[in-house]
Amino acid sequence: MDRLLFVDDEPFVLRALKRTFELEGFEVVTANRPADALDLLRNGPGFVVIASDYRMPEMNGAEFLQRARELAPQSYRLLISAVEEFHAAVDSINRGEIYRFVPKPWDRDDLLAIVRAAVDDYHLRRNYQEMTALLHGKNAELSTLNKNLEHRVVERTHDLIEALVTALDQRGAEAVHSRKVAAFCVRLGRELALPAAELAILEQGALIHDVGKIGIPDSILLKNGKLTPEEWVEMKRHPELGYRMLANIPFLEHARRLVLTHHERFDGKGYPLGLSGEELPLAARILHLSEAYESMSGGRSFRAARPAAEVRQEISGCAGTQFDPEVVSAFLRIPAPQWEEIARAAVPPNPTEQSLADLTASFRSPR
């Protein structure tokens, strides 16, 4: 039940107000002294509407309602006053202390309408505040849920990337090549002050840059010796194949662009798109150099690893043609021994060397 507080120093006025509003279904509390009304506001349940006469001893109605506003800011305040005191009411309204001015003597229907409107406004405002608080709470819950989901997506994506890289390693042609390239990219990206978000995408793209080779026949991928022109045409399809394979993984959308462009050259003579210069993102230019460095320094089944000094010299000589000069400069600033240490640290333990007995034991062990 909505509670109303009426304050007036004339008892017969309070009796009339109490009878009128109780018949309308309100709980009515009265006080003939402002001090008593203030005690009610301090110690009792709240009121939806507080109405006060203007001319009273101790303090006038405007002063009382100003004090009442401090104690019960959510309540709607009405000032009941004779017409000759209207200027005081206007001043109170302008200071935001009261909701409406009710002239004395009041019209019963008008007063009922004013109080009902105040009660309706009170509940609308409370409902809005409750809904706003609820909405903020739900937004906080959704934000937490989104962060948890994003974290799970990152974990699942990391697991997927690991599975893809392991699958490439198991092909045997270029074991741990992608892991080394990713480590080189991270170091080179930091040297070039790549932002953390772009660095993370670069590492992802580097790890899966050769994923399209899963679609290349073993007769080409594992061949010892030079490829024929026809075989090269097939091999050069792997960036596009990898890009298409990753099409339905939204979290890898940026990384898959690096998969597509990791064989593009700075001079535009790369493949499959023939992009050049600034058309290539800096991350793609970093990946291209890192991949070439690993290929030359790490060797292949059909080609021996080349000495670090020779590799660095060739990369330096290809600045402005195959490689971005800025990326080459950053690469050369990093000492050769540091690159060798990065390569060693990137090689993980080989699970394929675990014996069948060990695998059986780990499978049967309780979890």
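The values are calculated or read from the model by the stated rules, or taken from the named source; none is laboratory data. Quick caveat, the model's predicted, so the values are computed rather than measured. A quick note on method: Cβ atoms are made from the backbone with ideal geometry, for glycine too, and the neighbour counts reach across all protein chains shown.
A few remarks follow.
- Residue within segment 329-345 that is among the aromatic types (Phe, Trp, Tyr) and more than 23 Å from Ala200 (Cα to Cα) present: no
- Listed by first and then second residue, the pairs with beta-carbon distance under 6 Å, at least 6 apart or on different chains, first residue in segment 52-76 and crowded, with 20+ Cβ neighbours inside 10 Å, second of a type in the set (D, E, K, R), are Asp53/Asp8; Tyr54/Glu85; Gly61/Asp53; Leu65/Arg77; Leu65/Glu97.
- Helices (runs of 4 or more DSSP H) wholly inside segment 255-346 that include at least 1 residues being without any contact (Cβ under 8 Å) to a residue 12 or more places away in the chain and either farther than 20 Å from Arg237 by Cα or assigned by TED's automatic domain parsing to the domain that holds Arg187 (or both): 308-317, 325-333, 336-345
- Screening Ala346, Ala284 for residues that are out of contact with any strand residue (DSSP E or B) (no Cβ under 8 Å at 6 or more places or on another chain), at pLDDT below 90 and surrounded by 18 or more Cβ atoms within 10 Å (Cβ to Cβ) leaves exactly one candidate, Ala346.
Every residue, every condition in (1) crowded, with 16+ Cβ neighbours inside 10 Å; (2) within 28 Å of the chain's Cα centre (by Cα), yes or no:
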position	(1), (2)
Val233	no, no
Tyr243	yes, yes
Arg256	yes, yes
His263	yes, no
Leu273	no, no
His288	yes, no
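- Residues in segment 1-17 that are without any contact (Cβ under 8 Å) to a residue 12 or more places away in the chain and either of a type in the set (Ser, Thr, Tyr) or surrounded by 15 or more Cβ atoms within 10 Å (Cβ to Cβ) (or both): Ala16 only.
- Filter pass, Leu199 being part of a loop (DSSP other than H, G, I, E, B) and surrounded by fewer than 22 Cβ atoms within 10 Å (Cβ to Cβ): no
- In segment 1-91, counting only helices (runs of 4 or more DSSP H) that sit wholly within it, the ones holding 2 or more residues that are closer than 18 Å to Val102 by Cα and assigned by TED's automatic domain parsing to the domain that holds Asp110 span 11-22, 61-71.
- Conditions (1) farther than 22 Å from Val311 by Cβ; (2) surrounded by fewer than 22 Cβ atoms within 10 Å (Cβ to Cβ); (3) modelled with pLDDT of 90 or more; number of the one not met by Ala292: (1)
- Among the criteria (1) modelled with pLDDT under 90; (2) surrounded by fewer than 14 Cβ atoms within 10 Å (Cβ to Cβ); (3) more than 29 Å from Arg152 (Cβ to Cβ), the one Ile216 does not fulfil is (2).
- The residue of segment 227-250 that is modelled with the highest pLDDT, among those that are of a type outside the set (Lys, Arg) and assigned to a loop (DSSP other than H, G, I, E, B), is Thr228.
- Within segment 145-196, the residues that satisfy the criterion of being hydrophobic (A, V, I, L, M, F, W, C), modelled with pLDDT of 90 or more, touching a helix residue (DSSP H, G or I) at 6+ places or on another chain (Cβ under 6 Å) and assigned to a helix (DSSP H, G or I) are Val181, Ala182, Ala183, Phe184, Cys185, Val186, Leu188.
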